[in-house]
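Just so it is clear, none of the values below were taken in a lab; they were calculated from the coordinates. Values in this document were obtained by computation on a predicted structure and should not be read as measured data. Ideal geometry is used to build each Cβ from the backbone, glycine not excepted, and the neighbour counts take in all protein chains shown.
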Amino acid sequence: MNSIASITLEVADLTAADRFYTAFGVGTHVSLRASETPTDGFRGFALSLTVSQPSVVDGFIGAALDAGATTLKPAAKSFWGYGGVVRAPDGTIWKIATSEKKDKGPAAPKFDEMVLLLGAEDVTASKRFYVERGLAVAKSFGSKYVQFEAPSDGVTLALYGRRTLAKEVGVPADGTGSHRLVLGGGDAFTDPDGFAWEADDRSPDQAQ
């Protein structure tokens, strides 16, 4: 295994979730599966879209809100760029951001990168776990943040401390029950924080 082959979100209402993700603009990049498994509070992960400029951030956030999402952090400028955070009707948290602070002109409503942010109780231990399974580290900031290499058209996996990630997306860190997230990779396993991976021999393009 050297990257994420697929992302599956487990949702209570498949029809509603499909409608939302189609309107949001990521419907071909995530799979959906029906599940009533109990979950409460922060699910321990977030998905992040990196886009080209502020107008594209606003476009994605506007589409999400129009389709039924709620705001966790309104889009705003910061020292690192511009971005905001929303929660989808199914409970999944999405961050949309750019490193640019000003628009440079018209831009297509697309994202340049999708990053899966997993909240780890022990970032160092989780980093070691994934490296032992074949992932290569692209960036590492001690025990605070780790980002793994990914194909140019694939999904990037990154690790945050759980509480740090919760603060980043604007929610309390407490949560219990299912993550409502299943990842496709080279083999089946469960990581130290309970995130489940299933065997998936498809390429990222096929998985989408």
Summing +1 per Lys or Arg and -1 per Asp or Glu among the other residues with Cβ less than 12 Å from PHE20's Cβ gives -2
How big is the dipole moment of the chain about its Cα centre under a simple scheme where the beta carbon of each Lys and Arg is +1, that of each Asp and Glu is -1, and everything else is neutral? Debye, nearest 20, please.
840 debye
Evaluate the relative contact order of the chain (contact order divided by residue number), counting alpha-carbon pairs under 8 angstrom at least 6 apart; express in whole percent.
29 percent
Which loop trypsin sites (Lys or Arg not before Pro) in region 85-126, with loop taken from DSSP, have no more than 14 other Cβ atoms within 10 angstrom of their Cβ?
LYS101, LYS102, LYS104, LYS110
Label corresponding to mean projected area of the Cα convex hull in nm² when calculated from the structure given, among (i) 12.8; (ii) 10.7; (iii) 14.6
(ii)
Got a sec to turn the phi values of region 178-185 into Karplus ³J(HN,Hα) couplings, 6.51 cos²θ - 1.76 cosθ + 1.60 with θ = phi - 60°, whole Hz, x for Gly and Pro?
5, 6, 6, 9, 10, 10, x, x
Around ILE93: net Lys/Arg minus Asp/Glu count, Cβ-Cβ under 9 Å
+3
Can you give me the Cα centroid spacing of region 13-74 and region 100-144 in angstrom?
18 Å
Listed residue pairs exceeding 24 Å between alpha carbons, taken from LYS73/LYS144; LYS77/LYS127; LYS95/LYS139; LYS110/LYS144; LYS127/LYS167; LYS101/LYS167
LYS77/LYS127; LYS110/LYS144
Cut-off of 10 Å, at most 11 other beta carbons, DSSP loop: longest stretch of the chain lacking such chymotrypsin sites (Phe, Trp or Tyr not before Pro):
81-208
Nearest 0.05, what FRET efficiency do ALA199 and ASP112 give at R0 = 25 Å with Cβ-Cβ as r?
0.30
Spin-label zone in region 139-162 - amide nitrogen under 15 Å from a point set 7 Å from the Cα of GLU121 along the C-beta vector:
161-162
Which residues in region 141-173 have a backbone N closer than 20 Å to a point placed 7 Å from the Cα of VAL131 along the Cα-to-Cβ line?
141-151, 156-162
Helix-only [θ] at 222 nm, the chain, -39500 (n - 2.57) per DSSP H run of 4+, per residue, nearest 500, equals -6500 deg cm²/dmol
Relative exposure of SER152, SER178, judged by other C-beta atoms within 10 Å (fewest first):
SER152, SER178
